[in-house]
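Each reported figure results from applying straightforward, stated rules to the coordinates on display, with no laboratory input. Small disclaimer: the values here were computed from a predicted structure and weren't measured. For neighbour counting, all protein chains shown are included, and Cβ atoms are generated from backbone atoms with ideal geometry for every residue, glycine included.
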Amino acid sequence: MNTLAVKIDAAIRANRFSRGEILPAQEALLKEFGGTAEELKCATGDLVYEGVLERIPTDTEKVRVKVPYLWDIVTGNHSFTNEAKKRGQKPGNRILTFETRRAWPQVMKRLQLEAGEDVLVMERLLFAGERTVGLEFSYMPAKFFQGMTREMFEGGQSTFKVMAEKGLIPDKAVDEVSVATLEEREAALLGLDAGVPVLIRFRVTLSPEGIPIKGSRAIYLFKPGYELKI
């Protein structure tokens, strides 16, 4: 980061600007921190990439101090249930959708299903205490999840725990990460602005035999971190 970016970042850390506050216009920033217009452009861009600032979807010329993620970086398998418990918070969820649907091409490919097979679709808002943590869709092959009910997954119950009780043991997972902007419905559910860019993670969970036993598409309000051997 250039010198101007470091100065602005220091001011934000010192609470010169509050969370969610729109930064002053270019002239005011240059008067307070010095530098040139080109240096300021580079500085704000760097701070956007660093996650310190974010652009406003309705006016991308303006930037504001980003509201920090709930838990900052979460590593491991990104289990919201385990993470909430580890931090002394009560995990919870509100199920929005719980129904069986005929598998569509994208899910058929990822879960290695045949044409005509069904999947159990569950959409949940995830909570830690009173705070929203994320929005998650689960896609569960009906042939493996017979007898599953909505009540089994409510109240912060871990999906993996429910699966283990049915003899579905997860061994490893494969993640796909893509970028999207929030549609109005999802933005309202998460308390964010429509058009805000987010990372979407699609995970396929595999059994010890390498069989896909569950898929999930998630938007989490924390930074997912990975550790890998190189």
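Couplings 3J(HN,Hα) of segment 134-148, computed from phi: x, 10, 9, 9, 10, 10, 10, x, 4, 5, 9, 10, 5, x, 5 Hz, in residue order, whole Hz [Karplus 6.51 cos²θ - 1.76 cosθ + 1.60, θ = phi - 60°; x for Gly and Pro]. Compared with the alpha-carbon gap, the fully stretched path from residue 37 to residue 1 is longer by 11.4 nm at 0.36 nm per residue. Over all other residues within a Cβ to Cβ distance under 14 Å of residue 66, the charged ones net out to -1, with Lys and Arg as +1 and Asp and Glu as -1.
Suppose every Lys and Arg Cβ carries +1 and every Asp and Glu Cβ carries -1, with no other charges. What dipole size does segment 92-136 come out with about its Cα centre, to the nearest 20 debye?
Computed charge dipole of segment 92-136: roughly 140 debye.
The 3J(HN,Hα) values that the Karplus relation (6.51, -1.76, 1.60; θ = phi - 60°) gives for segment 208-225 are, in residue order, x, 8, x, 8, x, 10, 6, x, 8, 10, 9, 10, 10, 8, 8, 8, x, x Hz. Gly and Pro appear as x. From most to least packed by mean Cβ count within 10 Å, the peptides 195-206, 159-170 give 195-206, 159-170. Here is the P(r) of the chain: all C-alpha pair distances, binned every 10 Å from 0, give 7, 27, 30, 19, 11, 5, 1 in whole percents. Rounded to the nearest 500, the helix-only mean residue ellipticity at 222 nm of the chain stands at -7000 deg cm²/dmol, with each DSSP H run of n ≥ 4 adding -39,500 (n - 2.57). Each other residue within a Cβ distance under 15 Å of residue 1 adds +1 if Lys or Arg and -1 if Asp or Glu, for a net charge of -2. Is the shape of segment 13-147 rounded, prolate or oblate, going by the alpha carbon gyration tensor and its root eigenvalues a ≥ b ≥ c, with a/c under 1.5 for rounded and a/b larger than b/c for prolate? Prolate, since a/c reaches 1.5 and a/b exceeds b/c.
Comparing mean-square fluctuations of 49, 139, 220 from a GNM of the chain with C-alpha springs under 10 Å, the top value falls on 49. If a spin label sat at a point 7 angstrom from the Cα of residue 109 along the line to its beta carbon, the backbone N atoms of segment 162-178 nearer than 17 Å would be those of 174-178. Between residue 132 and residue 15, the modelled labels are 2.7 nm apart [label points 7 Å from Cα along Cα→Cβ]. Proximity of backbone amide H atoms, modeled 1.01 Å from N, is registered between residue 71 and 223 at under 5 Å, excluding neighbours fewer than 5 places apart on the same chain.
Each Cα pair of segment 3-65 feeds into the Kirkwood radius, which the Stokes-Einstein equation turns, at 4 °C and 1.567 mPa s, into a diffusion coefficient of 112 µm²/s. Net charge of the neighbourhood of residue 51, taken over other residues with C-beta under 15 Å away and scored Lys/Arg +1, Asp/Glu -1, is +1. Taking θ as phi - 60° and the Karplus parameters 6.51, -1.76 and 1.60, the scalar couplings of segment 20-35 work out to x, 6, 6, 5, x, 5, 3, 4, 5, 5, 5, 5, 7, 10, x, x Hz in sequence order, x denoting glycine and proline.
Note on the chain: GNM, Cα springs under 10 Å; of 149, 60, 44, the largest mean-square fluctuation is that of 60.
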